[in-house]
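Undergrad: Here it is, the structure, as structure tokens.
Here, each number is a calculation from the coordinates, and none is a lab measurement. For clarity, every value in this text was computed on a predicted model and none was experimentally measured. Here the Cβ positions follow ideal geometry from the backbone for every residue, glycine too, while neighbour counts run over all protein chains shown.
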Amino acid sequence: PTPVRLADYRPSPWRIDRVALQFRLAPRGTTVTARLEISSAPGGEDLRLDGEGLRLLSLRLDGRALDLRPDDRGLTIPAADLPQGAFTLESVVEIDPADNTALEGLYMSKGMYCTQCEAEGFRKITFYPDRPDVMAPFDVTIESDLPVLLSNGNPAGQGRWTDPWPKPAYLFALVAGDLIAHSARFTTASGRGVDLNIWVRQCDEDHCAYAMDSLIRSMRWDEQVYGREYDLDVFNIVAVDDFNMGAMENKGLNIFNSRYVLASPETATDDDYARIEAIIAHEYFHNWTGNRITCRDWFQLCLKEGLTVYRDQQFSGDMRSHAVKRIEDVLMLRARQFREDAGPLAHPVRPESYVEINNFYTATVYEKGAEVIGMLRRLVGDDGYAKALDLYFARHDGEAATIEDWLAVFEEATGRDLAQFKRWYSEAGTPRVRVTEQYEAGHLTLHLEQINPPTPGQPRKSPKVIPIAVGLLSPEGREVLPTTVLELTGAQQAFSFDGLEARPVVSILRGFSAPVILERAVGAAERAFLLEHDTDPFNRWEAGRALAKDLLARMVTDGTDPGPDWMTAMEAVTFDDGLEPAFRALVLRLPSEDDMAQTLHAAGHVPDPAAIHTARRRMQAVLANGLAARLPDLLAALDDPGPYTPDAAAAGRRALRMAALSLLSRVDGGAAARATFTTADNMTVEVGALACLLEIGAGDEELTRFATRWGEDRLVMDKWFTLQILHAAPETVAERTEALTGHADFDMRNPNRFRAIFGALAANHAGFHHADGASYRLLADWLIRLDALNPQTAARMSTAFDSWSRMDVDRQDMIRGELTRIRATPGLSRDLGEMTERMLG
Ligand code: B3K
Ligand code: ZN
């Protein structure tokens, strides 16, 4: 297939002035009538409409029948058949939602009709110029016996909807089902009343309160922080069990994977609650950053996604703890985006070509896209950021914009030249920043050097502008220089600080001020000092993290156990009641095996997954033994009586409690975890205790009890599948996973269930990379099977193989062998085809 290129972008010669859609729903044989009011361009070109898998029943232009046959990607109406000026084109097509296992376009989930159009699903519903720069107001009529019929915009009578805001087709949505609403009312800052509804199946009605509360807080926050109000009379959210991703921001009708809506203390963990809050906010925030201002073309995806992630991260920080949120975001960035950037799938935040756009909804576009905005803000300051955003909304409302438009509002609002900054959008790869320091008589010099490593298709790069936040501490731990942003713009640069009384301790890259890898030789004593004294909470955590990584790396490479200094520092943090419990829990969480493999690889080693696994377990045992005597008291102090509340403070206490329980399990044979499991009255503690048991090779009986209790709850059972694979011993993982695919409740058509199993397989680092290659084979087998039904999810899950290049030769051969086998599969999708091509390089 030929790739689509940014350089080939051309504005649409056609304008759609209005769209009227009529659906007559039937599982097999839904008819869609589309009346498009079109204005032609003066150029006299053919009219090209996208359309895939549609049975064309009739086509009329200004009432006159046209006898044209579509090809397999759309329909061309020759210029000769088109009148001058405006005309109406009416098509009638038939589609089969019940057969749609790809979950793109119009499909069915548990008797309910729903849609997913982004990026290019609308063309599976009707013939249309399916590109984001074609925006039109839509009227929709739905005919069906089902009681609840929803589409975008405002209601206009039973089954009728009208959306006054021009939108691209990817934001179209339709839902029909036997649903019930959890409702509330919101009044906007300017006094507009809005009906809020969360639509779910009857049995889920009492699991919507937290999502609704999150929605209301998001709406208020966007008014207060960005001055953005909601713009329709209703805002609908629908929960769907079968969904390829998290959620979708369709105008006025967000459709969600039910796992990011439904929650009760008994069924959802603290992490689930936090994700629901973040994703509800994310989709709601898209109403302005994505919908009112959309993307000119799919290369500009980060324009809406990077900004909306940045906004939802800000929101979660405001709702919870900024320090904890930042640490969690960086953990995730390193785990997913740094890994992507270091391998064969590396691509710029704004890619320049693609075969299948769905393959570019990545950590780079989303999370690095958000980091780039954070850097921009650091460089122009909070006021500059606010001015630029106001200008962005004022100037581009109702438009399909580009990254150039975005950067231009910053340049105009702040007077800053962003030509060099723009490289963050066009160059892939994680920059490395090498730091050395020199101190002499009250004078400190920091030498910074940036290295921008090559990535696929980009062998050479030029220096970027990198904001590096630093602070200086006196040897007693007093802050002698508060956080200051250095701008590294050259390949090498020196920064000086005068008038110091003594050699300071440098705290560098505070708040993780840029998505880079810091290379700096720091001794254990200095790291321990920063863990104890740094006034920047992120760097305080980072010091502990870096120390643990250094020690773990030594355990892997030469088998040396961590010394007593580390234990002393860990003990001090663990039992320091002056620190947030959530922060202490994060410090206790050792670097993951994948993170260690990444780090060792970056340091020039070939990581051995088995050795990393053994060393990490050993490190946990050392920590557990060192803290054991004081853990029971800590656990007792953290055992909250009273009913569960999902707020950040309570969640932080539970996180610390589960971290302590996990350590204690390594010395008490699981006695405390067993008791905790039995008396748990919420899912966080129930699943946390079960994980502790599985980690020490126990918990079979508890797994059975869990399944008996929760067998009917699809979302809770996803956890049951995941846990036993994630925490299984490496040599048993493949077998266990395969056995679970034979379980009566395994259904490969449900993306959540498929991910619960195979996502866990890929996340069990030592098990996935076991030397026998059984996990590689198993995953490849199932990706091939899934691809025939659901290419999008198969392609996404194939990224488990993207770390092949850091492995030893034997594993490299095995993984490349599996990728080659997948690539050779007859009838392979464009999605998985592109992924295997890119990974094989
Ligand atoms: N915009 C959607 C993602 C669509 C993915 C298409 N493969 C959800 C989001 O980012 O909010
Ligand atoms: Zn988004």
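Undergrad: To the nearest 20 debye, what charge dipole does region 467-580 have about its Cα centre, counting +1 at the Cβ of each Lys and Arg and -1 at the Cβ of each Asp and Glu?
TA: In debye, rounded to 20, region 467-580 gives about 360.
Undergrad: Given R₀ = 25 Å, FRET efficiency for residue 233-residue 96 by Cβ-Cβ distance, to 0.05?
TA: 0.15
Undergrad: Can you run the Rg to Rh ratio on the chain? Use alpha carbon positions and the Kirkwood inverse-distance Rh.
TA: 0.96
Undergrad: Continuing with this model, one more query. Mind grabbing the base-10 log of I(q)/I(0) for region 711-841 at q = 0.10, 0.11, 0.13, 0.16 Å⁻¹? Debye formula, identical points on the C-alpha positions, no solvent, two decimal places.
TA: -0.29, -0.36, -0.50, -0.75
Undergrad: So how tilted is helix 609-627 from the main axis of the chain? Cα-based, degrees 0 to 90, rounded to 10.
TA: 60 degrees
Undergrad: May I ask you to derive the relative contact order of region 1-178, considering only C-alpha pairs under 8 Å and at least 6 residues apart, and to give it as an integer percent?
TA: 24 percent
Undergrad: Shifting gears a bit: Where Rh denotes the Kirkwood radius from the mean inverse Cα pair distance, what is Rg over Rh for region 295-426?
TA: With Rg and the Kirkwood Rh in hand, the quotient comes to 0.96.
Undergrad: Here's another thing I want to ask about it. By how many degrees, between 0 and 90 and to the nearest 10, does the Cα long axis of helix 593-602 differ from the longest principal axis of the chain?
TA: Taking Cα atoms only, the helix is inclined about 80 degrees.
Undergrad: A follow-up question, please. Set the Förster distance to 51 Å, then compute FRET efficiency between residue 647 and residue 81 from the Cβ-Cβ distance, nearest 0.05.
TA: Calculated value: 0.20.
Undergrad: Sort 831, 139 by Cβ crowding within 10 Å, fewest neighbours at the top.
TA: 139, 831
Undergrad: Could you work out the relative contact order of region 609-698? I mean the mean sequence separation of Cα pairs under 8 Å and 6+ apart, divided by the number of residues, in percent.
TA: This gives 26 percent for region 609-698.
Undergrad: Any idea which of 219, 207, 291 is furthest toward the positive side of the dipole for the chain, if Lys and Arg beta-carbons carry +1 and Asp and Glu beta-carbons -1?
TA: 291
Undergrad: Just need the relative contact order of the chain here, percent rounded to a whole number, with Cα pairs under 8 Å and 6+ apart.
TA: Once normalised by length, the contact order is 8 percent.
Undergrad: Go through 616-626, 235-245, 58-68 and give me the packing order, highest mean Cβ count within 10 Å leading.
TA: 235-245, 616-626, 58-68
Undergrad: Let me ask something additional. What is the angle, in °, between the Cα long axis of helix 683-695 and the longest principal axis of the Cα atoms in the chain? Nearest 10 is fine, range 0 to 90.
TA: Approximately 60 degrees, to the nearest ten.
Undergrad: Do the sum for the chain: with -39,500 (n - 2.57) for every DSSP H run of n ≥ 4, divided by all residues, what is the mean residue ellipticity at 222 nm, to the nearest 500 deg cm²/dmol?
TA: -12500 deg cm²/dmol
Undergrad: Which peptide among 312-319, 716-723, 79-86, 203-210 comes first, and what is the full order, when sorted by highest mean count of other Cβ atoms within 10 Å?
TA: 716-723, 312-319, 203-210, 79-86
Undergrad: Order the peptides 646-656, 254-264 from the highest to the lowest mean number of other Cβ atoms within 10 Å of their residues.
TA: Listed from highest to lowest mean packing, they are 254-264, 646-656.
Undergrad: I need 143, 580 ordered by Cβ neighbour count within 10 Å, fewest first.
TA: Result, fewest neighbours first: 143, 580.
Undergrad: Of 149, 113, 100, which is farthest towards the positive pole of region 55-197's charge dipole, taken about the Cα centre with +1 and -1 on the beta-carbons of Lys, Arg and Asp, Glu respectively?
TA: 149
Undergrad: For residue 327, what charge total do you get from the other residues with a beta carbon under 12 Å from its beta carbon, if Lys and Arg give +1 and Asp and Glu give -1?
TA: Local charge sum for residue 327: +3.
Undergrad: Between residue 532 and residue 391, what length comes free when the chain is fully extended (0.36 nm per residue of separation minus the Cα-Cα distance, one decimal in nm)?
TA: Length gained, residue 532 through residue 391: 46.5 nm.
Undergrad: Around residue 381, under 11 Å between beta carbons, what's the net of Lys plus Arg minus Asp minus Glu among the other residues?
TA: That works out to +2.
Undergrad: Between beta-carbons, use under 13 Å as the cut-off and find the net charge around residue 155, counting Lys and Arg +1, Asp and Glu -1.
TA: My count for the surroundings of residue 155 gives -3.
Undergrad: A further question on this structure: Dipole magnitude of the chain about its Cα centre, charges +1 at Lys/Arg Cβ and -1 at Asp/Glu Cβ only, in debye to the nearest 20?
TA: Using Cβ point charges on Lys, Arg, Asp and Glu, the chain gives about 920 debye.
Undergrad: At a 10 Å Cβ-Cβ cut-off, how would you order 732, 676, fewest neighbours first?
TA: Placing the least packed residue first, the sequence is 732, 676.
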